[in-house]
1. So the check is Cβ under 6 Å with 6+ separation or different chains; which pairs have a first residue in the range 262-280 that's under 26 Å from residue 176 (Cα atoms) and a second one that's among the basic types (Lys, Arg) and more than 10 Å from the ligand (Cβ to nearest atom)?
2. Considering only the range 166-179, state which residues are open to solvent by 20 Å² or more (accessible area, probe 1.4 Å) and in a helix (DSSP H, G or I).
3. Residues in the range 214-244 that are open to solvent by 10 Å² or more (accessible area, probe 1.4 Å) and more than 22 Å from the chain's Cα centre (by Cα): how many?
4. Look at the range 96-146 and say how many of its residues are assigned to a loop (DSSP other than H, G, I, E, B) and in contact with a Ser or Thr (Cβ under 6 Å, 6 or more places away or on another chain).
5. From the list 539, 459, 468, pick out the single residue that is surrounded by fewer than 17 Cβ atoms within 10 Å (Cβ to Cβ), within 30 Å of residue 409 (Cβ to Cβ) and at pLDDT 95 or above.
6. Being part of a loop (DSSP other than H, G, I, E, B) and open to solvent by 10 Å² or more (accessible area, probe 1.4 Å): is that true of residue 522 here?
7. I'd like the residue in the range 114-131 that is open to solvent by 20 Å² or more (accessible area, probe 1.4 Å) and not aliphatic (A, V, I, L, M) and, out of all such residues, is farthest from residue 146 (Cα to Cα).
8. Does any residue in the range 27-40 that is free of Cβ contacts under 8 Å to residues at least 24 places away in the same chain and assigned to a helix (DSSP H, G or I) come within less than 7 Å, Cβ to Cβ, of a residue that is aliphatic (A, V, I, L, M) and surrounded by 15 or more Cβ atoms within 10 Å (Cβ to Cβ) six or more places away or on a different chain, and which pairs are these?
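The values are calculated or read from the model by the stated rules, or taken from the named source; none is laboratory data. Computed from a prediction, not measured in an experiment: that's the story for all the values here. Cβ placement follows ideal geometry from the backbone for every residue including glycine, while neighbour counts extend to all protein chains displayed. Note: accessible area is taken over every heavy atom of the protein model, side chains too, but ligands, DNA and RNA are not part of it. Shrake-Rupley method; radii C 1.70, N 1.55, O 1.52, S 1.80 Å.
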Amino acid sequence: MSTTLLTERDEWKALANHYEKIKNVRLQQLFAEDEKRGERLSAHAVGLYFDYSKNLITDETLRLLLNLANACKLRERIDAMFRGDKINVTEHRAVLHVALRAPRDTSIVVDGENVVPAVQEVLDRMASFSDRVRSGEWKGFTGKSIRNILNIGIGGSDLGPVMAYEALRHYSQRDLVFRFVSNVDGTDFVEATHDLSPDETLFIVSSKTFTTLETMTNAHSARDWALKSLQNEKAIARHFVAVSTNKAEVTKFGIDSANMFEFWDWVGGRYSMDSAIGLSTMIAIGPENFRAMLAGFHQMDEHFRNTPFDRNLPVLLGLLTVWYGDFFKAQTVAVLPYDQYLKRFPAYLQQLTMESNGKHVTLDGARVDYETGSIFWGEPGTNGQHSFYQLIHQGTKLVPCDFIGFCQSLNPLGSHHDLLMSNVFAQTEALAFGKSPEALKAEGTEEWLIPHRTFDGNRPSNTILAERLTPEMLGRLIALYEHSVFTQGVIWNIDSFDQWGVELGKVLAKKIIPELEAAKEPELEHDNSTNALIRFYRRSKRK
Ligand code: F6P
């Protein structure tokens, strides 16, 4: 572990000096000076074409960013992760989501044990269970086949499954209904079940810890809902399965451990969609497609592990995020998938990036004096264009964007796809090069309108193109961002794999629950704002 403060590194200072020199650089000029820039500053690997030429960078910027990555020992840290070292230091855990997609014959040792056979065994059990549900062989308590699959989970036990189901819907078995309940707001459960019949419904209770308040509350409501109609405790075994690391709690809930699909403490929640947490995904798309998705993840893992940094997609993506966040002080990154199937991808990335890198102390516990995790957000194109792109084009904030598009549509329909993709190219071009007052004048724009209609341009973006959204491609895309997050975390010298920041709110909520439920007016000892809010709530809920 390095103890040199990031901002004291020569490589950091060199970047800071370089920033001062090029902060006003114009993309227009960079492209004019280098007619091959678009091809030169792009990388093609594992089926992804990554164009990073429309960034506010020069060759020197890249050289200095790569120097920084080397100084921060990125190579060694990648090796440590793949080796199974306990790089999640605050939780004393290995970080081995890469083992979830390692081929059967790989050996990855944690605490003296090769974990790959256990991963493969769970995948095989998931496959046989999925096949039984998909074929109708798995019967509910009354003998009917399962038609509805409800995943109950939150955070990493929800966002990954939802995103993957939506992303791969094209490959899903259409006579099965998939729903996802996450929020402790009863509305989520009620709306998800209102038109379902318990005797045809399978609940997958997904929780790494099996103690999460939201998930356990929803799971108990699901149990009551099912038993109200099925009237027999024995029905639970036919209608509930669990995905967890916590066998004791699963059994306590009443789910037979034979119906439990295991994963391990070295899989972080937000890195778990390719573990048993992906059971709903596997039931939707089938074991073969799920395996193809894992193969895609693995291809990106190998690329990340073995490719020189100057051609390494996750490394380049990660370093660019550091460049904008720390030097240009950009607060956010917009992720703009031009594919309706990826509509939940930005939401998924929010947990992946922000729970991982929203940290203010280094691995050694020192407070950072630089920016860490950016705010990730986004919506699918072209919808975003008619909502928030105005600010990206003409606002006062710098918002680096990742555009994601596919060359082939899964639903060819007239000229829809060319129209869609023309917008990807048009947006990145408009952001980079804008429209000058001179051009507006030449078009005859009235003088007073010119400032309003001027586009300064110089707004950076990456473009990621792939042939087609397949399960394999989705795996590659997710792993690209996972490893980009890792790269950023290494530069910032933070623990990208813990999430202590979610704890305080959970603890306080536990204290407040009885105060809301108490029949007698409770003695409140919060600050006077919180006390007043609680009193208002208690008064109003009784009306
Ligand atoms: O929000 C904190 C968190 O621990 C996430 O990291 C995790 O994905 C989520 O809660 C759900 O946790 P679990 O899978 O244990 O229910």
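1. 274/101
2. Matches in the range 166-179: 166, 169, 170, 171.
3. Here is the first cut: in the range 214-244, the residues open to solvent by 10 Å² or more (accessible area, probe 1.4 Å) are 214, 216-217, 220-221, 223-225, 227-234, 237-238.
Retained after the next criterion (residues that are more than 22 Å from the chain's Cα centre (by Cα)): 216-217, 220-221, 223-225, 227-234, 237-238.
Number of matching residues: 17.
4. Taking the range 96-146 first, the residues assigned to a loop (DSSP other than H, G, I, E, B) are 96, 102-108, 111-112, 115, 136-138, 140-144, 146.
Subset that is in contact with a Ser or Thr (Cβ under 6 Å, 6 or more places away or on another chain): 136.
Within the range 96-146, residues that are assigned to a loop (DSSP other than H, G, I, E, B) and in contact with a Ser or Thr (Cβ under 6 Å, 6 or more places away or on another chain) number 1.
5. Numbers: 539 fails: within 30 Å of residue 409 (Cβ to Cβ); 459 fails: surrounded by fewer than 17 Cβ atoms within 10 Å (Cβ to Cβ).
The match here is 468.
6. Details: part of a loop (DSSP other than H, G, I, E, B): yes; open to solvent by 10 Å² or more (accessible area, probe 1.4 Å): yes.
Here the answer is yes, as residue 522 does meet what is asked.
7. 114
8. 37/30
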